[in-house]
Amino acid sequence: MNKKAALHNLGCKVNAYETEAMQQLLEEAGYEIVPFSEKADVYLINTCTVTNIADRKSRQMLHKARKMNPDAIVVAAGCYAQTDTDKLKNDGAVDLILGNNQKHQIAEVLENYWKERKKELHVIEINRTKEYESLSISRTAEHVRAYIKVQDGCNQFCTYCIIPYARGRVRSRSTEDILSEVRTLAGRGYQEVVLTGIHLSSYGVDFEEKDKQDLLSLIRAVHEVNGIKRIRLGSLEPRIITEAFMEGIAALPKVCPHFHLSLQSGCDRTLQRMNRRYSAGEYREKCELIRRYYPSPALTTDVITGFPGETEEEFRESYEFVKGIHFYETHIFKYSRRQGTKAASMEGQLTEAVKARRSEELLELNERRTSEYEKAFIGKKIEILLEEEVELDGKQYLIGHSREYVKTALEKTEGMKVNDLMEAEGVKLMENHILLARATA
């Protein structure tokens, strides 16, 4: 009888990609993949450590797996396994610990464990390696869009962030390897790819001079792949937005006008304490540059409220800055004290009540700005890639996203199906930020 494996992912899009890659490795090794809620012979949790809450969720899922089948093999993989190895070594719920850059070994590690039945640790000193871990996917859980991991690690060392310690230094995937995966996915019908990484803007900085590539050259190469109609970019650092970069991507019609430009704070003093390497003024210039090349781009960002030492005046400065940029979406995070980072020992730690109040103010602003941006597409021509069929108010709709990543619904008509690219016109904004549109071609 085939052994059953259940996988659960915590954390970012890079983690999700790696979980899918490990699942495909297990399938190739003969495992039957079952939902995590079912009884399995192997439970694999790809853990996250970005906050203390993420650590706690990782431990909870490992213990949940052990309760579901006390005889199963429970595998802790990924970032929490990398940073809190000692704690997991002493955790009776865990059988195998698989750190970062070791996930490609999942099938072999399990095969050995079935023979020995002895707790094993597969964790390297991640900051010492220069090797990009070879993982790939031939399909993804999404029907029309595929996330492609192109880079790992980060050299930035922002004072609030544990990720450089969990993921190590920048390591870039070879362009040929990426293109091979993109061609495979295009051949299976995927029309949209999202280039993602731990610090995407750093793609290629670790390559030797003779192999020199950067993010722009990678985007140009992916643009040439037949079958791919859309290219999206993961989170970018402001410094990558230069005249040359914008001129380069604006000449590539497959690149979507959707840019996630990480901010964290609109106050220079807070940015300095965070070790972010730009000023608020420089960030504004980058947004203006994007808008010179794209008439109505979707600009999205991240903001942390309640960073240590953030005064009411500094928060107000950050709030007004965010208000003035007119983002499509702002992802707001209350500062979470993360042991092992510089910010954890900074003076001026704020109360949860202060963080929550400031967060609520930004959330209310975000709600207004998101609706404003979406309503601007009423009466405008948009292109939608259809992703799923749903029922709304008793009618059947096909829902997808515009090139700007606005969620859009078309009432289903004969011949329309998932993975169609449709030309449409915005009609009205429905509930839950869904733009109703009508097909025009």
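The values are calculated or read from the model by the stated rules, or taken from the named source; none is laboratory data. All values derive from a computational prediction rather than experimental measurement. In this analysis, Cβ positions are derived from the backbone assuming ideal geometry, glycine residues included, and neighbour counts consider all displayed protein chains. Ligands, DNA and RNA are stripped out before the accessible areas are found, and what is left, the full protein with its side chains, is counted by its heavy atoms. Shrake-Rupley method; radii C 1.70, N 1.55, O 1.52, S 1.80 Å.
Percent of Cα-Cα pairs per 10 Å bin, from 0 to the last occupied bin, for the range 274-427, please list those.
9, 29, 27, 20, 12, 2, 0
Give the calculated FRET efficiency between Glu108 and Ala251 to the nearest 0.05, with a Förster radius of 56 Å applied to their Cβ-Cβ distance.
It comes to 0.80.
Keeping the other protein chains in place, figure out the carbon and sulfur percent of the accessible area of the chain, with a 1.4 Å probe.
48
Plugging the Kirkwood radius over Cα pairs into Stokes-Einstein for the range 353-424, at a temperature of 10 °C and a viscosity of 1.306 mPa s, what D comes out in µm²/s?
In µm²/s, the coefficient rounds to 113.
Hey, can you find the accessible area per residue of the range 363-441 for me, probe 1.4 Å, expressed in square angstrom?
With all protein chains present, the range 363-441 gives 53 Å² per residue.
May I ask for the distance between the Cα centers of the range 376-432 and the range 206-222, given as a whole number of Å?
The two parts, judged by their Cα centres, are 36 Å apart.
Could I have the simple spin-label model distance between Gln339 and Asn432, label points 7 Å from Cα toward Cβ, reported in nm to one decimal?
Going from the Gln339 label point to the Asn432 one covers 4.0 nm.
Give me the base-10 log of I(q)/I(0) for the range 289-333 at each q in 0.15, 0.20, 0.21, 0.30 Å⁻¹, Debye formula, one uniform scatterer per Cα, rounded to two decimals.
Computed log10 I(q)/I(0) values: -0.46, -0.71, -0.75, -1.12.
Quick one: 3J(HN,Hα) in Hz for the range 54-68, Karplus 6.51/-1.76/1.60 with θ = phi - 60°, rounded, Gly and Pro as x.
Here the 3J(HN,Hα) series is 4, 4, 5, 4, 4, 5, 4, 5, 5, 6, 4, 4, 4, 5, 5 Hz.
Could you give the length gained by full extension between Glu364 and Gln349, i.e. 0.36 nm per residue of separation minus their alpha carbon distance, to one decimal place?
Net length gain for the segment: 3.0 nm.
From the helices alone, meaning DSSP H stretches of at least four residues, give me the mean residue ellipticity at 222 nm for the chain, per-run term -39500 (n - 2.57), in deg cm²/dmol to the nearest 500.
Helices in the chain give a 222 nm mean residue ellipticity of -10500 deg cm²/dmol.
What would the Debye formula give as log10 I(q)/I(0) at q = 0.22, 0.24, 0.27 Å⁻¹ for the alpha-carbon point model of the range 244-300, no solvent?
With one equal scatterer per Cα and no solvent, log10 I(q)/I(0) is -0.86, -0.95, -1.08.
Using a cut-off of 15 Å between beta-carbons, work out the net charge of the residues near Gln60 (Lys and Arg +1, Asp and Glu -1, Gln60 not included).
+4
Want the number for Glu388 to Asp177: 0.36 nm per residue separation, take away the alpha-carbon distance, what's left?
73.0 nm
With every protein chain present, what accessible area does Glu116 have (1.4 Å probe, heavy atoms only), rounded to the nearest 10 Å²?
Counting only protein heavy atoms, the figure is 120 Å².
Determine, from the Cβ-Cβ distance of Thr242 and Ser279 and an R0 of 22 Å, the FRET efficiency 1/(1 + (r/R0)^6), rounded to the nearest 0.05.
The computed FRET efficiency comes out at 0.85.
With a 4.7 Å Cβ cut-off, tell me which Cys residues in the chain come up empty for a partner.
Lacking a cysteine Cβ partner under 4.7 Å: Cys12, Cys48, Cys79, Cys154, Cys256, Cys267, Cys287.
What FRET efficiency would be calculated for the residue pair Thr440, Lys118, taking the C-beta separation as r and a Förster radius of 56 Å, to the nearest 0.05?
0.30
Among (i) 143; (ii) 167; (iii) 177, only one was calculated for this model; which label is it, if the read-out is volume of the Cα convex hull per residue in Å³?
(ii)
For the range 292-412, what proportion of DSSP beta bridges, expressed in % and rounded to the nearest 5, is antiparallel?
70
Are any of the pairs Lys254/Lys381; Lys149/Lys412; Lys334/Lys395; Lys13/Lys229; Lys87/Lys355; Lys64/Lys407 more than 27 Å apart by Cα-Cα distance, and if so, which?
Lys149/Lys412; Lys334/Lys395; Lys87/Lys355; Lys64/Lys407, as the Cα separations exceed 27 Å there.
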